[in-house]
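Just below is one structure, and these are the notes that go with it.
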Amino acid sequence: MKRVVLCVICALALVAPAATAQDAPAEEIPPGWRTGVVAKLAGSQVGFSNWQGGGINSLAFTAGVEGESKKESVRFKQKVNLRLSIGAIKQDTLSLRKAEDAIFAAYVVRYKGDGFFAKWNPTFAADLRTQFLEGFDYGSQPEERVSDLFAPAYLTQALGLTYGIDDWFSQRFGFGAKQTVVTIEELRASYGFQDDELDKSARLEAGIESQTQLTREIFKNVIYKSTLSLFAAFNNADKPDAIWENLLTMKVNDWLQTNFEMILLFDDDVKKEIQLKEVFSVGVAFTLL
């Protein structure tokens, strides 16, 4: 696992110097907050009637909102991110089931110092990950609830240094803290809570944190975004938690786009295997702000 993580960090970091020459000269710092909000909607429908080849009627949809707000001054650079998404699928006679459910919020502030700290900015970062609705394991009989709002929720805080190239590449290293919150007692054992922690709603870990971010237009109207987040707890440093988020967006026009998203997740406290999620969708996107 550590070798895979190190290879990914090196691969993302090596592309940064090669493209520095393509970046535009530094622009004058705009005053105040700059905010952008985009709403997305995607869906699919399959229906059959007297179809000899067989098949299952299905209806699926996903909806989401993504927002980003930035503020920059002579010494400080701040950014707030928010992502909300929800989706469901209905197949034939089966009940309506959740297909997508995510809440993500993040705040980062960087201090632009002098000398060494002009390139490696002292940074504080915090983020939250959870979901809106109950999640079920439909493979078990009867269906088993495995998650819910703030069950779990992951909160992380980091204090370290960030190296960045404009707004398209950044690498952060530092010390971090992670809180795993599970408000439903019967679910706590599934998220790494030990026997003597089952009466508590949160579990605290301290360790080393790293985050690598890359956003690049690889072809015209084709944008690739990648974020690799690592957290190595001091008491389990040889098995770091890792989440690698990849999003490829292909824009047809100002409102129609195709997205391919792939997320790889490893958390030894939850599962020994790497978890994988991938979503391919065609939908519409509207700029709200």
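Values quoted throughout were computed directly from the atomic coordinates according to the rules given, and no laboratory measurement underlies them. Everything quoted here is computed from the prediction, not taken from an experiment. Quick reminder, even Gly has a Cβ in these numbers, built from the backbone with ideal geometry, and neighbours come from all protein chains shown.
Across region 276-284, rounded Karplus estimates of 3J(HN,Hα) from the backbone phi angles (6.51 cos²θ - 1.76 cosθ + 1.60, θ = phi - 60°) give 10, 9, 9, 9, 10, 9, 10, x, 10 Hz, Gly and Pro being marked x.
Run the numbers on region 32-159 and let me know its relative contact order in percent, using alpha-carbon pairs under 8 Å that are six or more apart. Before the final figure, lay out the partial values.
Values: 282 pairs, mean separation 21.5, N = 128.
Averaging sequence separation for qualifying contacts and normalising by length gives 17 percent for region 32-159.
For each of ARG110, ARG145, count neighbouring Cβ atoms within 10 Å of the residue's Cβ, then give the residues from fewest to most.
On the way: ARG110 23, ARG145 13.
Going from least to most buried by this count: ARG145, ARG110.
A cut-off of 5 Å between modelled amide H atoms, ignoring neighbours fewer than 5 places along the same chain, links ALA99 with GLY87, ALA88, ILE89.
Only counting other Cβ atoms within 10 Å, I'd like THR212, THR287 sorted with the fewest neighbours first. Could you put the intermediate results ahead of the total?
Numbers: THR212 22, THR287 10.
Listed from fewest to most nearby Cβ atoms, that is THR287, THR212.
On the basis of the beta-carbon distance and an R0 of 35 Å, ILE218 and ASP92 show a calculated FRET efficiency of 0.35. Computing FRET efficiency as 1/(1 + (r/R0)^6) for VAL270 and PHE116, where r is the C-beta to C-beta distance and R0 is 41 Å, gives about 0.60. Residue-wise HN-Hα couplings along region 171-185, as the Karplus relation 6.51 cos²θ - 1.76 cosθ + 1.60 with θ = phi - 60° gives them from phi, are 9, 10, 10, x, 8, x, 10, 9, 10, 9, 9, 9, 7, 9, 4 Hz; Gly and Pro carry x.
On a 19 Å Cα-Cα criterion, which of the cross-link pairs LYS98/LYS239; LYS239/LYS272; LYS112/LYS178; LYS79/LYS112; LYS119/LYS220 come out too long? It would help to have the intermediate numbers written out before the result.
Values: LYS98/LYS239 31 Å; LYS239/LYS272 10 Å; LYS112/LYS178 26 Å; LYS79/LYS112 14 Å; LYS119/LYS220 30 Å.
Violating the 19 Å Cα-Cα cut-off are LYS98/LYS239; LYS112/LYS178; LYS119/LYS220.
Taking a ≥ b ≥ c as the square roots of the Cα gyration tensor eigenvalues, region 29-85 comes out prolate, since a/c reaches at least 1.5 and a/b is larger than b/c.
When you filter the GluC sites (Glu not before Pro) in region 194-289 for DSSP loop state and at most 10 other Cβ atoms inside 10 Å of their Cβ, you are left with GLU273.
Read through the labelled values (i) 70, 55, 36; (ii) 69, 42, 40; (iii) 85, 35, 30 and report the label of the one computed as Cα extents along the principal axes in Å from the structure. It is the value labelled (i). Going by neighbour counts of Cβ atoms within 10 Å, the residues THR62, THR215 line up, fewest first, as THR215, THR62.
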